[in-house]
Amino acid sequence: MKNRILVLLMAAAMTAAAVSGCGTKDGSADGQPDDGKIHAMPEELFTSEDTEYTFYSRIDGVSPAEAEGGAGVSFCAYIYEKFAAEDIDSMKEGDVIAVNMDAAHPEEHNVTDVTVETVENTGLGGVIVNGDFENGGFYLASSSDQEYYYVIASDDYKFLYPYADGEKEFPPADDFVFVDNSDFEHPDQEYDFDGFLEYYEANQGDLYNFNTVMTVQNGTVKKIERTFIP
């Protein structure tokens, strides 16, 4: 029953994210405070044009080539807390971790200081802290490269929140591709920018932060993927 409630809370959060503005909370910390607590690692986007950045996003608009200013994609970038693997692997009873556990409003990034009472390694790349969400705790999943952990709810829903200065409009790259994986039975449907423009016009509001992953580089949008959500 509690898992069902959590799913409903996350669904409500998706709806809120789809209609809300791009937040102004600082998603790129200047550094971890030296206060003895476990904090998420600082994250920065758009700081180097040469760097390729991949992140969750909400698509707010798509402009054709003939529009004033030319072709472009307006979006809001979203990130999630990432905790260094060495911090979590060494976490023990009595430690304090600053973490967002607000499943109903993850976009508000309400960080809470949580005192660790129990730590359980699942053996499957996950760590249960204080008995998981059902008992007032939370679950940390390991990244595929095992470099960091992140909080998840059910069905791998991440606690996404708007990146500071994350509201952007970039033109498409010459090799832009949109990949639609929303249909489990017909995955990897690829579109060029013109095809994506038609797709967006027919599905406005369907490309929101929980199901859309974007890759940018050199001030252009290289790839947008709509992922499958059960």
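Each value in this text was obtained by applying a stated rule to the coordinates, not by laboratory testing. Computed from a predicted model, the values in this text were never measured in an experiment. Positions of Cβ are backbone-derived with ideal geometry, glycine not excepted, and every protein chain shown enters the neighbour counts.
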May I ask you to derive the FRET efficiency for residue 105 and residue 41 from their Cβ-Cβ distance with R0 = 22 Å, giving the value to the nearest 0.05? 0.50
Interchain or long-range residues, amide H under 5 Å from residue 222's placed H: 173, 215, 216, 217
Just to be sure I follow: if Rg is taken over the C-alpha atoms of region 48-158 and Rh is the Kirkwood radius over the same atoms, what is Rg/Rh? 1.11
Can you list the residues of region 203-230 with backbone N under 16 Å from a point 7 Å past the Cα of residue 190, pointing along Cα to Cβ? 215, 222-226
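Over the chain, what is the percentage of antiparallel beta bridges among all DSSP beta bridges, to the nearest 5?
90
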From Cα pairs below 8 angstrom and at least 6 apart in sequence, can you work out the relative contact order of the chain, rounded to a whole percent? 25
The chain: spread of alpha-carbon positions along the three principal axes, whole Å, largest first, is 60, 39, 30
In degrees, nearest 10, range 0 to 90: what is the angle between the Cα axis of helix 2-19 and the longest Cα principal axis of the chain? 40
To test your reading of the geometry: what angle, between 0 and 90 degrees and rounded to tens, separates the Cα axis of helix 193-202 from the longest principal axis of the chain? 70
Ordered by fewest other Cβ atoms within 10 Å, a rough proxy for footprinting exposure, 101, 214 read 101, 214
Counting lysine pairs in the chain that sit 8 or more positions apart or on different chains, with Cα atoms under 27 Å apart, gives 23
In nanometres, the difference between 0.36 nm per residue of separation and the alpha-carbon distance of residue 218 and residue 132 is 26.9 nm
